[in-house]
Each structure stands twice: as structure tokens, then as C-alpha cells.
């Protein structure tokens, strides 16, 4: 997507053999778990995420609102009211009026509203609510998929850190071995061996902590994908995003046109206008018709019947409503102004999101070559210090310092390479075009 926005050729993010984020999952040999690519993770989230499911059902409910507006205002109303009564009288002495009586009645009533000017704004309000629900569904999809991408790259980055930590443990163990050998022949003091041991144990402690962090990152991704506690899956480095970042002004324009939250803010203003129309319609007369038919029989339902028809047309002219109409209209006007301000706030948020994502992506991209150079220099420095220590020209502390600097820069590179990939996707998210194809395919009418 960034390539389409920039309309320029992209450059590879890194050389093929430079893979500090290579997947090294904590899985026992012979028990390799399921491989989940980032694209598969997207599809799993689309199929199982609860927030996306909730947004879908909100669309289903919102789609009923336009028809509810029609049904409650101009829809016909038909009712049937049967009734039956029976009376028996016995005793009471001479001259008492004893006997049985029964009666039955069936009443049919049909009413129809002919003119109700509130139906048009109410119907429009329902249609706008349905559109807003669809936009919220799309917005939820983008946010969820970006959360998946962030969690996926967090696992990759932490795997790179753990791999570097293991290398640090091996290097520290080698340095401790060299210090022991030199101590045994009397070339160095015991301080060199102790410093090397401190560095080794510190590296082991860091490895344990980073392995636990990796497990937490796996749990986070597994929960997003609803894998039911399965953290034995494997991840793999996805293809790099294009590294050509479009101009800020271009991205901001796309964000203003594409962001669902901004569109929803604009729709909220339109809904307020429609609701004001509904309340203004309370000043206008309504015309309705009513037809009633009553069938009755004083001897039950099966004897001779009498039938009464009644048809009427009524005009309801509202005169006084205790001031509630005026309050509603005034409230609607105030709500319109409030939602216009909210819409403007969302527009400012869009600009801030695009600016922040654009600067972050540029910063990570521009600093990556310097960080790679730092890693190469620190590696060479460590190797040189190690050789000089074996030759007895430098102290053990110099070697250990060089080792720490090298490992720190390696870990920073592993994190930043993956952070850049997340930042490039965040750039698309801020512009409202992240995973556009999946969002389009998931649209609900």
C-alpha cells in the first residue's frame, strides 16, 4: 500500500543475510509447533476476533432502524379483539328471573397514517446510523489487524533478542575460559576471572528475563488469535514493506478522505440534523385513517349476528405540548454544534496521528543504517579487544565492556528492524488504508 501511495520504486529494508529478527521459538527439538505467517494471522483474527464480531452484529441491528422508522410512523396497524361471556342464574324464589344468557363479539380495527412528516428525517436518521455502524466495523477491522501485526512483530523482535542473549552467554563463557587459563599460568590476577564470571552470570540472568518476556509476547499474540492458550506456534519474518515513505501532505490528505472515525464524526452531525427534523415535524399536523368492524351476537358466536362498521379520518393538530417540542428542538441544535466540535477534534487527531506515524517511520528508517554500522563496529571492536587480551596488551575489563556494547547494539538492531516494519504499517493505519483489501472484502451491506 505504501508503494501505491508513494508511486515510486521501493528499496529493500535490509540485505538478505542480515536477519537479526530470525525466528528462534522456545520449542523443544522434535516438537516444532504450527507455523503461522502474518497473512494467516490476519485471516485468523478476521474469523475469530470478538470485537469484529460485535461490530458485525451492530450493523445487523442498525440495518433495522430505517424500517423501524417506516413501520412506527406510517406502517398499518391491524388488531382483532374477540370476547365471549356467559351468564347463568338459578334460585331466588317465586318470580325470580332465572335463565341462561351468552354473548359473543369480534372487533376488527385497522388504522393507517397517511401524512406524518417526521417519517422522512427519521428514515434518513436510520440510514445514517446504518452507514455509521458499517464504518465502525471497518475501523474495528483495521485496528484489530494492526494489533495482530504489532504483536506478531513483538514476538519476532523478542526472538531476535533471545538469540542475541544466547550468543552473549556463549561469548561470556569463552571470555571466562580465557581468563581462567591466563590465571592458571599467572598472567593475570583473580580479578579478571571474577569480572568475566560476573559478566557471564549477568548474561544468563538477562537471557532468562528475555525468554520470559518472549513467552508473554507469545501469549499476547495467541490471545489476539484466540488460539486457546496454544503458545507453541512458530512465526516467520514477513516480506518487508516498501521503505519509500510518501510525503506528509499526501498522507494527510488520504487520511482526511479515508479515516472511518472522521467519517463517523461527520455522519454524527448529519444524524443530529435528521433528528432535529423529526422533532420539528411535531409542529406539523398528522392525518390518519381508522376502520373498525364489530360482529356481535347475544346468543354466542353461532347465532344471528349484528355487524357495525365505523370508518374515520382524523387530523391531529398539535397546539401545546408543555414546551417539550421547543426543548427537543433546542437540544438538537445544541447537539449539532457539539458534534461539529467533536468532528473537528477528530480531524485534529487524524493530523496528529499521521504526523506522529510519519516522523516515527522516518526516524527509524533514517537511523537504521547508522545502527547497522554501530553493530559492525562494536563487533569488530570486541574481536580486536579479545585478541589483544589474549596477547596481554589490554585488560579484561576492556574486553567485557566491548562485549556488553556489542550485545546491546545487536539487541537494539533486532528491535528496531521489527519496529520499522510496525511503523510502516502504523503509517498506513493513520491514513486509514491499512489492509484495505481485507477491509473491502469484509464489508457488510
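The values are calculated or read from the model by the stated rules, or taken from the named source; none is laboratory data. Everything numeric here is computed off the predicted structure, so don't read it as measured data. With ideal geometry, Cβ positions are generated from the backbone for all residues, glycine too; neighbour counts draw on all protein chains shown.
For the structure I just gave you, tell me whether residue 385 is out of contact with any strand residue (DSSP E or B) (no Cβ under 9 Å at 6 or more places or on another chain), within 30 Å of residue 182 (Cβ to Cβ) and either touching a residue at least 12 places away in the same chain (Cβ under 8 Å) or not in a helix (DSSP H, G or I) (or both).
yes
Considering 378, 367, 356, which residue is in contact with a helix residue (DSSP H, G or I) (Cβ under 9 Å, 6 or more places away or on another chain), assigned to a helix (DSSP H, G or I), at pLDDT 95 or above and surrounded by fewer than 22 Cβ atoms within 10 Å (Cβ to Cβ)? It would help to see each step written out before you state the result.
On the way: 378 fails: at pLDDT 95 or above; 367 fails: at pLDDT 95 or above.
Of the residues listed, the single one that is in contact with a helix residue (DSSP H, G or I) (Cβ under 9 Å, 6 or more places away or on another chain), assigned to a helix (DSSP H, G or I), at pLDDT 95 or above and surrounded by fewer than 22 Cβ atoms within 10 Å (Cβ to Cβ) is 356.
Out of (1) within 30 Å of residue 122 (Cα to Cα); (2) surrounded by 12 or more Cβ atoms within 10 Å (Cβ to Cβ); (3) over 30 Å from the mean Cα position of the chain (by Cα), what's the single condition that is false for residue 339?
(3)
If you scan region 143-154, which residues turn out to be touching a helix residue (DSSP H, G or I) at 6+ places or on another chain (Cβ under 6 Å), surrounded by fewer than 21 Cβ atoms within 10 Å (Cβ to Cβ) and within 15 Å of residue 260 (Cβ to Cβ)?
144, 146
Could you check region 174-203 and list, in sequence order, the residues that are surrounded by 16 or more Cβ atoms within 10 Å (Cβ to Cβ) and under 13 Å from residue 404 (Cα atoms)?
175, 195, 196, 199, 200, 203
Please determine, by comparing only the residues of region 223-249 that are in contact with a helix residue (DSSP H, G or I) (Cβ under 9 Å, 6 or more places away or on another chain) and assigned to a helix (DSSP H, G or I), which one is farthest from residue 363 (Cα to Cα).
Only one residue tops the list, namely 223.
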